[in-house]
Amino acid sequence: MRKPIFDTIRAQRGKGFTAEEVRAIDELLERLGIEKDDAAVGLTEGEPVPAATGTVGLDDAQAFFDSVRESGIFGSALKPDQVKGLEAVLGAAKAAGWSLAFTAYALATACHETAYTMQPVREAFWLSESWRRTHLRYFPFYGRGYVQLTWKANYEKADRELELGGRLNEDLDLALNPDIAAKILVRGMQEGWFAGDKTGERHTLARYLPTSGTAGVAQFTSARRIINGTDKAGKIAGEAVKFQAALEAGGW
């Protein structure tokens, strides 16, 4: 019951909440007898979680792509659009100086969220715009991208943080541009744009994965909270392990 209240306040003020603000609002709602739910908190305004530092990237792209093909994640072959999507995410991860585990999990997440197309998609892409208009209460600010960026305040945040000068606010479909979608994925997973817990702490990559070296299945499984609770967490973790091996093969 509390999520719509938080969402309304966030939309009016144009930003999310600090942990202290979340606690204060929760205390007020508790006194008013408003029932708790699992996801009342919007984007938190706080210091970004730092990524790994230093020069990163693939030393051998061919070895990476060969390993991805052999892994079976995409079947027996890679389509050109899948290659381009992988390259877009890798480019954004490299620019952010991301660790091996961070990059592997971002690739696995994008793979799952786009139904293995590795191309940015609309929320419920298999349905019509008319369906989205009728059924999504945050229309037209529905999910777009490699991960689902939703709600007006979140589009405004992405526009501001990526220094797009209002272009995303004016054209929401810009979130379907692979390069911009990859930047939203990277900044969002690093800084916790997509989900937080009841205390107001954001779910970030650094909260679950090492900033250097490899991660294990359990760590990758827990990292699903960054995007969507525990939905398909084990499956995505298994693919993250395969992407991690491919990145190692490529010298990341």
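Before we move on, is Asp197 farther than 22 Å from Ala88 by Cα, in contact (Cβ under 8 Å) with a residue 60 or more places away in the chain and acidic (Asp, Glu)? Criteria met by Asp197. For the range 98-124, a tally of residues being in a loop (DSSP other than H, G, I, E, B), within 25 Å of Ala218 (Cβ to Cβ) and small (Gly, Ala, Ser) returns 1. If you check Trp98, Trp151 for being touching a residue at least 60 places away in the same chain (Cβ under 8 Å), within 16 Å of the chain's Cα centre (by Cα) and open to solvent by less than 30 Å² (accessible area, probe 1.4 Å), only one passes: Trp98. One residue stands out in the range 156-174 among those that are farther than 25 Å from Leu86 by Cβ and open to solvent by less than 60 Å² (accessible area, probe 1.4 Å): the one that is farthest from the chain's Cα centre (by Cα), namely Gly166. Among residues of the range 65-88 that are at pLDDT 95 or above, those with a Cβ under 6 angstrom from a residue that is open to solvent by less than 60 Å² (accessible area, probe 1.4 Å) and in a helix (DSSP H, G or I), sequence gap 6+ or separate chain, pair up as Ser67/Ala246; Ser67/Ala249; Val68/Ala246; Ile73/Glu239; Phe74/Gln82; Ala88/Pro178; Ala88/Ala182. Taken together, the residues in the range 101-123 that are β-branched (Val, Ile, Thr) and open to solvent by 40 Å² or more (accessible area, probe 1.4 Å) amount to 1. Residue-level check: of (1) in a helix (DSSP H, G or I); (2) within 17 Å of Gly188 (Cα to Cα); (3) in contact with a helix residue (DSSP H, G or I) (Cβ under 7 Å, 6 or more places away or on another chain); (4) of a type outside the set (Ser, Thr, Tyr), Leu86 misses just (2).
Quick check on my filter: what residues within the range 233-252 are among the charged types (D, E, K, R) and surrounded by fewer than 21 Cβ atoms within 10 Å (Cβ to Cβ)? Give the derivation first.
First, the residues of the range 233-252 that are among the charged types (D, E, K, R): 235, 239, 242, 248.
Correct list: Lys235, Lys242, Glu248.
Residues are listed down the side, and each one gets a yes or a no for (1) under 18 Å from Ile226 (Cα atoms); (2) among the small types (Gly, Ala, Ser):
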| position | (1), (2) |
| --- | --- |
| Phe65 | no, no |
| Ser76 | no, yes |
| Leu90 | no, no |
| Thr117 | no, no |
| His135 | no, no |
| Asn154 | yes, no |
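I'm checking my understanding of the structure. Among residues of the range 79-95 that are aliphatic (A, V, I, L, M) and more than 15 Å from Thr114 (Cα to Cα), which one is surrounded by the most Cβ atoms within 10 Å (Cβ to Cβ)? Among those that are aliphatic (A, V, I, L, M) and more than 15 Å from Thr114 (Cα to Cα), it is Ala93. Among the residues making up the range 207-232, a single one is at pLDDT 95 or above, in contact with a Ser or Thr (Cβ under 7 Å, 6 or more places away or on another chain) and surrounded by fewer than 17 Cβ atoms within 10 Å (Cβ to Cβ): Pro210. Specify which of the listed residues (Thr117, Thr44, Thr53) is over 16 Å from Arg187 (Cβ atoms), among the polar types (S, T, N, Q) and at pLDDT below 95. Residue meeting the stated conditions: Thr53.
The values are calculated or read from the model by the stated rules, or taken from the named source; none is laboratory data. All of these numbers come straight from a predicted model, not from anything done at the bench. In this analysis, Cβ positions are derived from the backbone assuming ideal geometry, glycine residues included, and neighbour counts consider all displayed protein chains. We work out accessible area using only protein heavy atoms, side chains counted, and drop any ligands, DNA or RNA first. Shrake-Rupley method; radii C 1.70, N 1.55, O 1.52, S 1.80 Å.
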